[in-house]
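Here is the structure we will look at.
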Amino acid sequence: MSAPEPVQAFSSGLTTPDFMASLSMGLRPLGLVQGYYFAQVSSWSAYSGYPVRNYPCACYEVGMHQTGWLGRVDDLDRLWTGAHATALGRMLDEAAALGAAGVVGVTTDMSHPTNENSCEVHVYGTAVAVPGARPGGRPWSTQLAGQKLAKLVEIGFVPTSVAYARCTAMLVEGCNMEYYGSGRSGTGNVVQPLQDAHELARAGAIEAARALAAGASLYGVTMWLDEAERYGGSYLTCSLRGSLVRRARSVAPAAPPVATVNLGP
Amino acid sequence: MSSSPVPLGGPQNVEADLAEVGRALAEAQWAPDAGAAVTTSDLSLDEILLLHSVGLEPVEVAFGVGCTSVAFGVWQWGMGTVVDARQAFASALATAKSSLRGRAHQVGAVGVVGVDVQVDMRPHVCTVVMTGTAVRAVLDERSHSRFRVKYHSSFLCDLSARDFVVLANAGWYPLDLVAGASYVQAPRRAMGDAVRQSTQNVELSNFTQTLYQAREEAMADLQRGIEQVGGTGLLDAKILDRPVPFARHVVELVVYGTAVKMLAAEHQHPDISLVVPVDDRVRAFEATSLRTGGAE
C-alpha cells in the first residue's frame, strides 16, 4: 500500500487506528468537512402543539373542569430535523467540492447555545476519496470509520447517510391527569395521558426514522428522551440518531464466535 | 457489486480483505439493493454479527411504557413497607412488558435483546420504560428458520447480544425479564437515641434493618418471578438501591435480571482460548517531572 500522494496537506478527525484502516481500504482522507446551522426557535414553534387526543374530565368534582390533551409539536421537530438536514447537506457540499466519495466518522453536536429559543447544529466528519469511485454522485456519510466501517461492508451493507429523527409530545394536564396524578384514585391505575405521551414521543421518533430510512436500515441507533416543563405543559422529546445503511450484498451467516479469555489487565 | 456466498471475513478468509472493502465503498452510491427491509437497531455491528451466527437479526428498536398511579399520602413517615408503591411498580412493570412484547410480536420478532430498564418513582406516578432491539429469525434458502428455539411468546432479556450468543452456544436461552422491588420506610430513632448518638460514629441500625428488609422483599418478588416463568435461574442481576428523592426516609430497592433456562440436554462447555494481549498501554512520560528533576 503506497502512502497517499502529498498533493495537499489534509486535515481529519480520524484516530490513528482508523487512519491506518482507512489507508488499507484505499480511502484517502481529504479534509475535515463541517456544516453549521443556527436558528431562532419561535415561541409558537416551541410551545404549541396540535392535539391528537383529548382526555375528558374524570374527577367528578364540582367547579370548573379542564380537559387534558396530548399533542405533537411538529413545528419544533421540523425545525430541528430540518436544521440537521441542512447542516449535513452543507457538510456534504464541502465534501463534494473536495471531490470526496464519502464522509466517515461523522459527529453531530446539537444544542441550545443561548436559550431554549435558539438551535445550533454542527455536523462534521472526514471527507475521503476512494479510488475507482464514479464521479458525480452525492457523497455518502456515516458515523463509522476504520475497522467498524470495514465490518459494516463485510456483513453486506454500504453506508448511505447519517440520520436524525425526533418527535415531541406535549401533554397539558386536565382534571383527568390531576385526578390520577394526585393519587386520589388509588394505586395501580394506568395514568393513561402520561403513558400515551411517552408512547407517542417514542413511536413518533421511530416512525420518523423509518420514513427517513425509505427502504434502508438505520443501525447504531442512539435513542434518548428529554423532558421539560413549560407554561403548564409537559414536553417529552424522543430523539434517534444513527447511520442509514443499504444491503448491497447477501452474505452467509457469520462463523460461530470463538470464546476467549483475555488475560490482560 | 457481485453477490458472494461467503462473508469477506468468513472462516476461509479470516482477515477481511480491506482493499475489497474499499472497492465496495467506491460503488456505495450506485450499488443495487439486495433485499430492502427497513430495520432500526441500537446494537453495535459486532453484536449484529454475533446474533447472525445464531440465526437472528435485528428488526426494530422496540419499547414498552407503563405508568401507574400511587395513592395519596403513602409517603408519610410511618413504619414498614410502602405497599402501594410496591404494587404500583409491579403494575407498571407488567404494563411495560406487555407493551414491549406486543410491539415485538407486531414486527414478527422472536424476542427483544439488550433491554434497558428505567424506573422513575414520583409521588403519585410510577413509570417503567423498557427499550431494546427486537430480533427475528434469519431464514435459510428453503425458508427454514436458522434459529432453532420456538418461544410461545417473545422473550425479553437485558443481556447484551454477546451474552445471548455465549449462552445460546452453551444450550441456555433467556425466557423473560423479571424484577422485584420494595419501598421500605426507615423507622425514626427515639429522641434519646438521636441525642446520645449525635456526637458518635455509630451504625444507624434502623437504616441497616430497612435495607435488609427491602432486600428480602425485593428478592422474594424476584424469586417468585423466576419460578413463574419456569426459569432455572437468573443472570446479571442489577440492583438499584437508593433513597426515594422526595421521601428520603424511604429506601427504594429494585432488582432485575434475565431468567434463563437450559434447553439443551446438557450444558455445552465452550472451548475457550486464552488470549494474552501484547498491546498493553505504553508507559506514559510525565513532563511535569522535568521541572523538578523528578523530586516530587
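Taking chain A as the reference, fit the longest principal axis to its C-alpha atoms, fit the long axis of helix A:74-97 to the helix C-alpha atoms, and give the angle between the two in degrees, 0 to 90, nearest 10. That works out to roughly 10 degrees. Compactness of region A:65-116 is given as radius of gyration and Dmax, 17.4, 63 Å, from Cα positions. For chain A, the longest principal axis of the Cα atoms and the long axis of helix A:16-25 meet at an angle of about 60 degrees.
On the beta carbon distance between B:LEU235 and A:ASP93, with R0 = 45 Å, the FRET formula returns roughly 0.35. Spin-label model, B:VAL202 to A:VAL52: label points 7 Å out along the Cα-to-beta-carbon direction sit 5.8 nm apart.
Summarised as an ellipsoid, region B:107-154 has semi-axes of 34, 9, 7 Å, derived from the eigenvalues of the Cα gyration tensor scaled by 5 and square-rooted, with the largest first.
Sites listed here are chymotrypsin sites (Phe, Trp or Tyr not before Pro) in region B:75-167 whose DSSP assignment is loop and whose Cβ has at most 14 other Cβ atoms within 10 Å: B:TRP77, B:TYR151. Footprinting exposure proxy ranking of B:THR208, A:THR81, fewest other C-beta atoms within 10 angstrom first, gives B:THR208, A:THR81. Each residue of the protein assembly as shown gets 234 Å³ once the volume of the Cα convex hull is shared out per residue. Counted by neighbouring Cβ atoms within 10 Å, the residues A:HIS112, B:HIS52 run from fewest to most as A:HIS112, B:HIS52.
Multiplying the residue separation of B:GLU227 and B:ARG242 by 0.36 nm and removing their Cα-Cα distance gives an extension gain of 2.7 nm. For the pair A:SER111 and A:THR222, label points projected 7 Å from Cα toward Cβ lie 1.4 nm apart. Per-residue mean of foreign Cβ neighbours for A:220-230 is 3 (Cβ atoms of other chains, 10 Å radius). Dividing the C-alpha radius of gyration of chain A by 2.2 N^0.38 Å, with N its residue count, gives 1.29. If you build the convex hull over the alpha carbons only and average its shadow over all orientations, what do you get for region B:36-266? Give it in nm² to one decimal. That works out to 15.4 nm², a quarter of the Cα hull's surface. The calculated FRET efficiency for the pair B:LEU274 and A:ALA255, based on their C-beta separation and a Förster distance of 30 Å, comes to about 0.90.
Note on A:TYR231, A:TYR36, B:TYR256: ascending count of other Cβ atoms within 10 Å places them as A:TYR231, A:TYR36, B:TYR256, the fewest first. Can you list the trypsin sites (Lys or Arg not before Pro) in region B:221-282 that are in a DSSP coil and have 12 or fewer other beta carbons within 10 angstrom? Passing sites in region B:221-282 are B:ARG281.
Coordinate-derived values only; no laboratory data. Please read these numbers as outputs of a predicted model, since none were measured by experiment. Reconstructed Cβ throughout: ideal geometry from the backbone, glycine too, with neighbour counts over all protein chains shown.
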